[in-house]
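Undergrad: Once you've had a glance at the structure underneath, I'll fire off some questions.
We did not get these values from a lab; they are worked out from the coordinates using the rules stated. The structure presented is a predicted model; accordingly, all values stated were derived computationally and were not measured. Here the Cβ positions follow ideal geometry from the backbone for every residue, glycine too, while neighbour counts run over all protein chains shown.
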Amino acid sequence: MTEQPCQCPDCQRFYREHDRLIREFPTFKQQQELNWASIQSFRTLCSKVTSELQSKLSEREANEDMISEEKNISNAELTEALDELESVNAYLYSIEALMERIFDTKISNNIESKFKEIANELAPDPLNIDRLILNRLFHQTPDFPDKKNIN
C-alpha cells in the first residue's frame, strides 16, 4: 500500500510551492539560478540579522545599567539566536560551495527540453481547464475526505 501525502496545511502549502517552482522554472538552468538566488537571499538576510543582533548585544554589554523595561529580547535569547544563526550561515556557505559545483554542469538543449517535459508531468498547471474540471469533480464527491455527508 502506498503512503498518502500529508494533508496538513503546512504540507499542502509546501506541495503548492513545490509545484509552482517546477512550473515556473522548468529547466535545469532556471533551477540552478533559482536555487543560487534563494541561497544568496537567505544568507544575506541571516547575515544582516546576525550583525544587528551582535550590535544589540554589544550595546547592552556596554550599558549594563540599562533599564529592564527596555529589554524586549533577553541577552540569553540574543546569545542563543546568534549561535543558531552563525550555524545556519555556516551551513549556507557550505551549500553555496556545493552549488558552485552544480553551476559547472552544463546540459544540451535536448536535455533542457526533457526537463520541461517532465516538469509538465510533475506539476501540471493548476489553472489548466482539465485540471479545474477534475478538481471540481473531486470536490463534488460525497465521500471525498474534505466533504461531510449531509444526508
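Undergrad: Among rounded, prolate and oblate, which fits segment 1-129 when a ≥ b ≥ c are the square roots of the eigenvalues of its C-alpha gyration tensor, a/c under 1.5 means rounded, and a/b larger than b/c means prolate?
TA: Note, shape of segment 1-129 comes out prolate.
Undergrad: Also, I was wondering about something else. Around L21, with a cut-off of 13 angstrom between Cβ atoms, what is the net charge of the other residues, counting Lys and Arg +1 and Asp and Glu -1?
TA: 0
Undergrad: Check each of the GluC sites (Glu not before Pro) in segment 6-68 and keep only those in coil by DSSP with at most 14 other C-beta atoms within 10 angstrom; list them in order.
TA: E64
Undergrad: What full-extension length gain, to one decimal in nm, is calculated for I102 and N120 as 0.36 nm per residue of separation minus the Cα-Cα distance?
TA: 4.2 nm
Undergrad: Treat the count of other C-beta atoms within 10 Å as a stand-in for reagent exposure and order C8, C46 from fewest to most.
TA: C8, C46
Undergrad: What is the sum of charges, Lys and Arg at +1 and Asp and Glu at -1, for the other residues whose Cβ falls under 14 Å from the Cβ of R43?
TA: Within the 14 Å Cβ shell, the charges total -2.
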